[in-house]
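The values are calculated or read from the model by the stated rules, or taken from the named source; none is laboratory data. Keep in mind that this is a model prediction, so the values were computed, not measured. Neighbour counts are summed over all protein chains in view; Cβ atoms, including those assigned to glycine, are modelled from backbone coordinates with ideal geometry.
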Amino acid sequence: MDSDGDIYTNRFSKLLSDKLNAKEINIALGGGSNERTLRTTYEWIRKNSEKVESTLFIIGFTFQIRKDLYFDVTKEWIRWNGRTVSTLTAAAAKKFIGFEKEVNKWSDTQYKYFYNDDIETEKLYRDFELLKTYIESKKSKLIVFNALRPGTKLDDRLTWYKPGGFKDWRTFIHSYREYDGSHPLVEDNQKLTEDFWSYLNE
């Protein structure tokens, strides 16, 4: 819930789809990862191939440390941010507690020995370029923007929207109000919508 409104009626995708007089299709979840976005977007396209040509795909990049993990014990996908997990049902959560210490140890080992930010960034752009090519093959378009990571290079393999002319949404918010990096407010979603509308009409 936004501090000054309902998140479902005031989120960016809903405000923009209303402005475009289009149907909103939002498959994002709080705390999700770029990996989850790739997986769920691809799955949606596979299941809705007849709708792709009339769909504009807009994706906001998040922190790369977040992961999309399949927890085989409970047979479900979980959202992992390097230390905590979400998307578990209550029954599954009880099962996960018994593995939490082991998973944290695995996570610490992974980020200590098997994580390199430059390599992960290249992997991200490579995977999204493939998704972009797949979407374009079905006569649609993918637009991406950097939602959370200031300073990230905007690789020219992708079609970038720059909020307010800045490299990321956070810097855009900083340009007009005091901002502590927390979840955007309704005002921020409204400003992003107006700015993106202008971008689409350039």
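So here's what we get for this one:
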read-out	value
Whichever residue in the range 131-147 is surrounded by 18 or more Cβ atoms within 10 Å (Cβ to Cβ) and not aliphatic (A, V, I, L, M) and, among such residues, is nearest to ASP117 (Cα to Cα)	ASN146
Test: ASP118 is touching a Leu at 6+ places or on another chain (Cβ under 7 Å) and at pLDDT 85 or above	no
Where ARG149 falls short, out of the listed (1) of a type in the set (D, E, K, R); (2) closer than 21 Å to ILE65 by Cα; (3) assigned to a helix (DSSP H, G or I); (4) in contact (Cβ under 8 Å) with a residue 24 or more places away in the chain	(3)
Qualifying residues in the range 125-146 (those that are out of contact with any helix residue (DSSP H, G or I) (no Cβ under 8 Å at 6 or more places or on another chain) and outside any strand (DSSP E or B)) - the one farthest from HIS174 (Cα to Cα)	SER137
Flag if TYR176 is part of a helix (DSSP H, G or I), at pLDDT 95 or above and hydroxyl-bearing (Ser, Thr, Tyr)	no
Residue match in the range 111-132 (condition: touching a Gly at 6+ places or on another chain (Cβ under 7 Å) and not hydrophobic (A, V, I, L, M, F, W, C))	yes
Test: residue in the range 37-52 that is in contact with a Lys or Arg (Cβ under 6 Å, 6 or more places away or on another chain) and touching a residue at least 12 places away in the same chain (Cβ under 8 Å)	yes
The range 104-130 - residue that is in contact (Cβ under 8 Å) with a residue 60 or more places away in the chain and not acidic (Asp, Glu) and, of those, surrounded by the fewest Cβ atoms within 10 Å (Cβ to Cβ)	LEU124
Extreme residue, farthest from LEU192 (Cα to Cα), among residues of the range 11-51 that are surrounded by 18 or more Cβ atoms within 10 Å (Cβ to Cβ) and of a type in the set (A, V, I, L, M)	ILE45
Restricting the range 81-121 to residues that are of a type in the set (Gly, Ala, Ser) and in a helix (DSSP H, G or I), the residue that is farthest from ARG66 (Cα to Cα)	ALA91
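Conditions (1) loosely packed, with under 15 Cβ neighbours inside 10 Å; (2) under 22 Å from THR9 (Cα atoms); (3) of a type in the set (D, E, K, R), marked per residue:
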residue: ARG149; (1), (2), (3): no, no, yes
residue: ASP155; (1), (2), (3): no, no, yes
residue: GLY164; (1), (2), (3): no, no, no
residue: TYR176; (1), (2), (3): yes, no, no
residue: GLU187; (1), (2), (3): no, yes, yes
residue: PHE196; (1), (2), (3): no, yes, no
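To keep it simple, each residue is scored yes or no on (1) touching an Asp or Glu at 6+ places or on another chain (Cβ under 8 Å); (2) among the polar types (S, T, N, Q); (3) in a helix (DSSP H, G or I); (4) modelled with pLDDT of 95 or more.
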| position | (1), (2), (3), (4) |
| --- | --- |
| ALA28 | no, no, no, no |
| ARG36 | yes, no, yes, yes |
| GLU43 | no, no, yes, yes |
| PHE57 | no, no, no, yes |
| GLN64 | yes, yes, no, no |
| TYR70 | yes, no, no, no |
